[in-house]
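In what follows, a structure is listed as structure tokens, so that the remarks can point back to it.
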Amino acid sequence: MVGKLLLRGMLVGLIAGILAFAFARVYGEPQVDKAIAFEEQKAQAAGEAPEEEIVSRTTQAGIGLATGVLVYGAALGGIFSLVFAFAYGRLGSLGPRGTSALLAVLGFVAVIVIPGLKYPANPPAVGNPETIGYRTELFFIMILVSVAAMVAAVGLAQRLWKQLGAWNATIVAALAYLVVFALVKAALPNINEVPEDFSAMVLWQFRVASLGIQLVLWTVIGLAFGAVVERQLATRSQGGLARRYA
């Protein structure tokens, strides 16, 4: 059962990756081109020699981007399916579609939105290359804390469900999650390496495009995976009834 869910999750993730790639090509890559042009202009103004292009920009924006997004989508779909296998039946009376949609919303908030509020995405040409490792570590710490806090918040809501009711329990759990986020946000160091003369519009459009790519991925996976699993469970149920009354 879990193996079939994993396969279906990865296939759904591939489909989500195709749609996310199309979105990235239309809305994300133009902002990357503008950021690269800004970097090249600064290098020329400083009298620096242009860096040798190891991989062409056409390849980066085409097959390179497609490969990265598709692999990411398949991996995300696979992980999502495993989380679904664990959570299904543990989130109240939600069916496959409801469980999948709820997990997608919670995952999108915990993995993308909340960490992005502390460390938002920047164009590849912006930032100090020497600090990329440090910035990556801080970003993943933020993701780990956010996911752990979200899991704890869901558990808290379930424990308070009977005492406070569904609505009040959800509000209390959400507030607890936000408190943890505020504390961690204040504790982790701030990073701002965007040059002062960099276009605020390009930066904003790039961040919106980055968020949009993730929104496409999580939305498609959340909705499509729930529909696929619901159909699979319905088929198994009909098959069991047929064998029972055969």
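Numbers for the structure displayed
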item: Check on Ile79, in a helix (DSSP H, G or I), aliphatic (A, V, I, L, M) and open to solvent by 20 Å² or more (accessible area, probe 1.4 Å); result: yes
item: Residue within region 149-163 that is of a type in the set (Phe, Trp, Tyr), open to solvent by 40 Å² or more (accessible area, probe 1.4 Å) and modelled with pLDDT under 90 present; result: yes
item: Qualifying residue in region 96-106 (condition: open to solvent by 50 Å² or more (accessible area, probe 1.4 Å), over 23 Å from Ala176 (Cβ atoms) and of a type in the set (Ser, Thr, Tyr)); result: no
item: Single unsatisfied condition, Arg207 versus (1) open to solvent by 70 Å² or more (accessible area, probe 1.4 Å); (2) within 18 Å of Met150 (Cα to Cα); result: (2)
item: Qualifying residue in region 204-214 (condition: modelled with pLDDT under 90 and of a type outside the set (Gly, Ala, Ser)); result: no
item: Residue satisfying all of: in region 4-32; of a type in the set (D, E, K, R) and farther than 21 Å from Gln205 by Cα; least open to solvent (accessible area, probe 1.4 Å) among these; result: Arg8
item: Residue within region 136-144 that is part of a loop (DSSP other than H, G, I, E, B), closer than 20 Å to Arg207 by Cα and open to solvent by 40 Å² or more (accessible area, probe 1.4 Å) present; result: no
item: Meets criteria (assigned to a loop (DSSP other than H, G, I, E, B), in contact with an Asp or Glu (Cβ under 7 Å, 6 or more places away or on another chain) and either open to solvent by 40 Å² or more (accessible area, probe 1.4 Å) or modelled with pLDDT under 95 (or both)) for Gly89; result: no
item: Candidate set from region 165-206 (those that are in a loop (DSSP other than H, G, I, E, B) and of a type in the set (A, V, I, L, M)); member that is farthest from the chain's Cα centre (by Cα); result: Val194
item: Test result for Glu137, out of contact with any Gly (no Cβ under 7 Å at 6 or more places or on another chain), within 23 Å of Tyr72 (Cα to Cα) and charged (D, E, K, R); result: yes
item: Selection count where residues are surrounded by 13 or more Cβ atoms within 10 Å (Cβ to Cβ) and within 19 Å of Tyr134 (Cβ to Cβ), scope region 172-192; result: 4
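The values are calculated or read from the model by the stated rules, or taken from the named source; none is laboratory data. Bear in mind that the values here come from a model prediction, so they are computed numbers and not experimental data. No Cβ is skipped: glycine too gets one built from the backbone with ideal geometry, and neighbour counts run over all protein chains shown. Ligands, DNA and RNA are stripped out before the accessible areas are found, and what is left, the full protein with its side chains, is counted by its heavy atoms. Shrake-Rupley method; radii C 1.70, N 1.55, O 1.52, S 1.80 Å.
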